[in-house]
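Just so it is clear, none of the values below were taken in a lab; they were calculated from the coordinates. Keep in mind that this is a model prediction, so the values were computed, not measured. Heads up, the Cβs are rebuilt from the backbone with ideal geometry, glycines too, and the neighbour counts pull from every protein chain shown.
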Amino acid sequence: MNLRSAADRLGISAGRLERMLGRIVRSSDWPEPRLLRFDKAISGIEAGTVVFEDGEIVYGYPKIRRAMMLDPAIRRHFSGGVLVEEKMNGHNVRVARVGGKTIALTRGGFVCPYSTEVAEGQIPAGVFDDHPAIVLCGEMVGPKNPYVPKDVYSADSMDFCLFDVSRKGKRDMEGSKAAHAIAEEYGIKAVRLFGEFGVPEAAGEIREIVEDLGSRGREGVVIKDPENLSSPMKYTSSESNCRDLEFAFRYYNDYGQDFFFSRVVREGFQAAEWSDGAAEFDARCLRLGRSMLLPMRETVEAKISGVEIAQEVEILVRDLRTAADFEEHYRRMGVRAVFEPPRAVPGGHLVKIRRLVMSTNDKTRSVIEGQLW
């Protein structure tokens, strides 16, 4: 790879790029294509940015900041109205054609073999024939998602849902209207668009949407500028916050404290802004408390019974090679997992995976054996 050419395209010096190699920038030649991946954000270059051997660049998807107090945040950051889309709960991917092949990049800039197979099967080749530089930004969701398995969506396995578009070599996103136009033209699934609302009434409308989504096990919303002039923001339901906590406390020693703390803080701000009555507040407190204590108790009880703590997920692949490649993908990411032999089912091959959560296992074992905290 020509580092000078890559550095020029990125807007940094060749010397600086060379100094980043092995620390902030990692090289990868598996799976193809060969690339450089930015593990951290630096000099305005988003984490997850990828430079391919042919010189093409797919920039990382920008981090979307979170509204904690909905109405003040909307009034402060938007002026001419807002578009409201569903925030789906899966994993973020960017899909592009590189070297004549469709590939799916995770948020971190890894080529995911399983996501790539799904993208190849669901995204028409015509979109890349007509727009060779296009980058499709979306969420992979469904019960057979090995990163974030959720059964609240209509997907039988895992679906790609478009929420934004960009172009190779461009940092900017093109926004909701451009994404939904591409989705409609090429028959690509997209996140739900609830509509456009004026700033004065937006918070009230969004509260109703979020409460409905929460009651159905969904995550929340992304709020966008209709003309794509301001950065989007996200806002999640109480139920989503608590489901995150329920999952994380099951594997309590494998998550950072900020993961737990930030979700509890969200609940406090939402309870205050929405002026919870006594009954609503008690229900929120019970939901929040149970989401933390119940999975924690179950983890400890399981370990006392001699059960290994593990996360069990599934993938459904068309090609057995994808399952083997995904196992290698896990290994290279440092994920310890046991893959069961594939089982033929309608639509492909089902593979069950047990992700081992070693820190929680080790910590829980030491405590129940009498180790002090």
Relative packing of 211-218, 35-42, which averages over residues the other C-beta atoms within 10 Å, highest first
35-42, 211-218
Hey, which lysines would be in cross-link range of LYS234, C-alpha to C-alpha under 27 Å, not counting anything within fewer than 8 residues on its own chain?
LYS40, LYS63, LYS87, LYS144, LYS150, LYS168, LYS170, LYS177, LYS189, LYS224
Starting from the Cα-Cα distance between GLU273 and ASN253, subtract it from 0.36 nm times their residue separation and give me the gain in nm to one decimal.
4.0 nm
Spin-label proximity, LEU294 to region 217-241 - amide N less than 15 Å from point 7 Å beyond Cα toward beta carbon:
217, 239-241
Net charge near VAL313: determine it from the other residues with C-beta under 13 Å of the C-beta of VAL313, scoring Lys and Arg +1 and Asp and Glu -1.
0
Taking the Cα-to-Cβ direction at SER231 and at SER43 and moving 7 Å from each Cα, how far apart do the two end points lie in nm?
2.1 nm
Please list 109-118, 225-234 highest first by mean number of surrounding beta-carbon atoms within 10 Å per residue.
109-118, 225-234
When the helix-only estimate is applied to the chain (DSSP H runs of n ≥ 4, each -39,500 (n - 2.57), divided by the residue count), what is the mean residue ellipticity at 222 nm, nearest 500 deg cm²/dmol?
-12500 deg cm²/dmol
For PHE339 and ASP29, extending 7 Å from Cα along the Cα-Cβ vector and measuring point to point gives, in nm, a value of 2.2 nm
Expected unfolding gain across ASP282-ARG65 under the 0.36 nm per residue rule, minus the alpha-carbon gap, is 75.2 nm
How about LYS363: which lysines have a C-alpha closer than 24 Å to its C-alpha, ignoring those fewer than 8 places off in the same chain?
LYS303
Between VAL265 and VAL307, what is the spin-label point distance in nm, taking each point 7 Å from the Cα along the Cα→C-beta axis?
3.4 nm
